[in-house]
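Data first, discussion second: the structure below is written as structure tokens.
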Amino acid sequence: MLILFILAAVAYGAATFAYGSRATEREGEDDSGPFRYARLLLAVAAALHVFAIGAQCVHGDHPLKNIYLATSFGTLIAVGGYLALARPGKGLDALGPVLAPLGLVGLALGVMFSDVVGTAGTVPGGKDVGSAHVAFASAGLAGFTLAAGVAGLYLGMERRLRSKQFRPGGGGLSLQGLDRLHHRLVLVVTPVFTLAMVTGVLWMVEEGGLQLMRGRMFEVAAAVVAWVASVALLVSRAIWGTRGRRSAWLTLVAFLAIVLIVVSYGVRS
């Protein structure tokens with residue numbers, strides 16, 4: 001297990017360096033040097049991350065055991081989703097320098113705090129509901145991470161276009177393409193996050209009733225904010241055709257709320 005962790009951490013670090021090396025290249029220059037191996041290194045890191053989680057499962061430290069292991073699994077899903085989306089020429093390479101260190105942080109949290117007991121493991125009567133909640137929440141975290149990353153790319157590209165800053169030979173997705181990809185990601189992840197909310201409420205009711213829910217009001221409020229922001233994005237686009245900057249900012253608000261939920265759970269654990 002320790003060897004897998006070290007190898008995965010080194011691979012994530014190498015991928016972070018490779019993606020970051022692109023910033024040192026001159027504009028208009030073909031991608032060369034370490035950057036050309038960035039996607040391969042990230043794929044190797046993700047594969048080693050999978051094996052590390054598998055080794056933890058063998059010892060009983062599965063992703064549904066606590067928030068840290070769930071976060072590790074969620075970041076792995078986000079990295080895997082990025083690798084599936086960021087095919088050559090798609091213009092999503094700018095997310096690499098974010099996803100690579102994020103995967104490393106998730107891996108480290110899952111390994112360092114694997115012994116913490118929490119979530120479904122502490123709920124005798126609601127273990128199935130608790131496990132479902134953690135699974136949906138992990139998938140929701142991954143989905144909103146990708147959606148927020150694409151939304152950030154959209155805002156950054158729009159700002160460069162407004163200030164007439166262009167990268168010669170940049171290629172990749174247009175603003176319209178980024179907006180369409182962003183909408184599809186939110187469209188997929190919102191139902192998953194809704195299921196995470198429903199199962200989370202059921203789990204708290206089974207464990208301690210309304211009294212426990214009152215003690216978790218911060219997480220409940222943050223979840224409501226994230227859900228309302230994502231639903232508002234989808235509804236406003238379907239009815240009024242709202243898109244672009246407003247949709248991107250709504251996604252970032254939802255992502256920030258989810259991050260606050262994860263941090264709150266981690267502090268409580």
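Tabulated data
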| quantity | calculated |
| --- | --- |
| Selection from the stretch 56-102 of residues that are closer than 25 Å to LEU181 by Cα and among the small types (Gly, Ala, Ser) | SER72, GLY74, ALA78, GLY80, GLY81, ALA84, ALA86, GLY89, GLY91, ALA94, GLY96, ALA100 |
| Unique residue being hydroxyl-bearing (Ser, Thr, Tyr), within 18 Å of SER138 (Cα to Cα) and at pLDDT 90 or above when the list is THR199, THR251 | THR251 |
| Selected residue (criterion: modelled with the highest pLDDT) from residues of the stretch 97-137 that are among the polar types (S, T, N, Q) and surrounded by fewer than 20 Cβ atoms within 10 Å (Cβ to Cβ) | SER114 |
| Residue under evaluation THR24, criteria (1) in contact with a Gly (Cβ under 6 Å, 6 or more places away or on another chain); (2) at pLDDT below 80; (3) of a type outside the set (D, E, K, R), criterion not met | (1) |
| Cβ pairs under 9 Å, 6+ apart, first in the stretch 160-187 and in a helix (DSSP H, G or I) and surrounded by 12 or more Cβ atoms within 10 Å (Cβ to Cβ), second β-branched (Val, Ile, Thr) and modelled with pLDDT of 85 or more | LEU178/VAL150; ASP179/VAL150; LEU181/VAL150; HIS182/VAL150; HIS182/THR251; LEU185/VAL150; LEU185/THR251; VAL186/THR251 |
| Breaking point among (1) modelled with pLDDT of 90 or more; (2) over 18 Å from VAL262 (Cα atoms); (3) among the aromatic types (Phe, Trp, Tyr), for TYR37 | (1) |
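The values are calculated or read from the model by the stated rules, or taken from the named source; none is laboratory data. Predicted model only: the values in this text are computed from it and were never measured. Quick reminder, even Gly has a Cβ in these numbers, built from the backbone with ideal geometry, and neighbours come from all protein chains shown.
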